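Novice: Got a structure for you, written out below as structure tokens; questions coming shortly.
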């Protein structure tokens, strides 16, 4: 598992270079036809051992949410905008790494004891302080258009729980590397480490058009809201359920904002998990989207499904992941690559 290296690599959407290097080094002796496409996604082939193997695309996206420098004020504070889905509530006081040299910075605003406004401060009203006192001092160090990333380190909080940035979707990338580093499967594995998922599922669409798969699985990190909700009444029948729960296995998706999962593949993955004694769960909320949203409409249509890893505090500098969920997701995708047949996709 190379999750630590992947999590700590810098790869905001549109500049996934460091992540791509980690991936290429990890798979170079474990796959064939390794290519980097025009957008920057990495694709690779692991030939199947079956007599008539299906072409199974397995995708995970390399990019993470972050920010971009939009300008510098006269006092040396840096203006910035978000890349991907960032919640303004996490920003004040956030530690960041700015520009090509990864300069340390912090998001600043009016000190809390002087702020009488109880509303969330919008990103547009915030600035990043890198310790400069003037615009001239910043010039030459940071330029508009350079990327900004969370300043965060991977850590093991317990034997089963790890913390880090960008588990959406470096956890999926780590799983896909593990898939390729293991032995051959019955079906062909068309691996795709995609770019620019966080800003519109872009890399996956290009990769699917090039790979021409028969079917696709997307490996993702997803939201886990499994902590007590102080606003919910636990005695009420309609109390909201968490989207997913840590430690309850990989999550399968019925539907999200980008797609309705192919019912044949939902049935297949559910039966497969039960056959092999792999714990699993279903996402209880239908928000968000994944690379499957663009893959399933590529070409003439590609049956697609999503296997997700529950992560607390996703899209933040400190997501939490349960390693049992990770290992069970790996077992499930490996079983799928060995047991998926053309009959699985037959229409009733």
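Novice: Please give the FRET efficiency for residue 32 paired with residue 121, using the beta carbon to beta carbon distance and R0 = 45 Å, rounded to the nearest 0.05.
Specialist: Efficiency for this residue pair is about 0.30.
Novice: Just subtract the alpha-carbon distance of residue 106 and residue 156 from 0.36 nm times their residue separation and send over the number in nm, one decimal.
Specialist: Result: 15.5 nm gained on full extension.
Novice: Starting from the eigenvalues of the Cα gyration tensor, five times each then square-rooted, give me the equivalent ellipsoid semi-axes of region 194-348, largest first, whole Å.
Specialist: That gives 27, 19, 15 Å for the three semi-axes.
Novice: So how do 177-186, 130-139 stack up, highest first, on mean other-Cβ count within 10 Å?
Specialist: Peptide ranking by packing, descending: 177-186, 130-139.
Novice: Same structure, new question: Among the DSSP beta bridges whose two residues both lie in the chain, what percent are antiparallel, rounded to the nearest 5?
Specialist: The antiparallel proportion sits near 65 percent.
Novice: Between residue 129 and residue 184, what length in nm is gained on full extension when 0.36 nm per residue of separation is reduced by their alpha carbon distance?
Specialist: Length difference between fully extended and current span is 14.8 nm.
Novice: Starting from 0.36 nm per residue, how many nanometres of slack lie between residue 52 and residue 73 once their C-alpha separation is accounted for?
Specialist: Extending this stretch completely gives an extra 1.4 nm.
Novice: Mean projection of the alpha-carbon convex hull of the chain over all orientations, in nm²?
Specialist: Projected over every direction and averaged, the Cα hull of the chain covers 20.0 nm².
Novice: Nearest 10 degrees, 0 to 90: what angle lies between the long axis of helix 323-339 and the longest principal axis of the chain (Cα atoms)?
Specialist: The answer is roughly 40 degrees.
Novice: Compute the helix-to-body angle for 263-275: its Cα long axis versus the longest principal axis of the chain, expressed 0 to 90° and rounded to tens.
Specialist: The answer is roughly 80 degrees.
Novice: Could you state the angle between the C-alpha long axis of helix 17-27 and the longest principal axis of the C-alpha atoms of the chain, as a value from 0 to 90 degrees rounded to the nearest 10?
Specialist: 30 degrees
Throughout, read-outs are computed from the coordinates displayed, never taken from laboratory work. Quick caveat, the model's predicted, so the values are computed rather than measured. All Cβ positions, glycine included, derive from the backbone under ideal geometry; neighbour counts span all protein chains shown.
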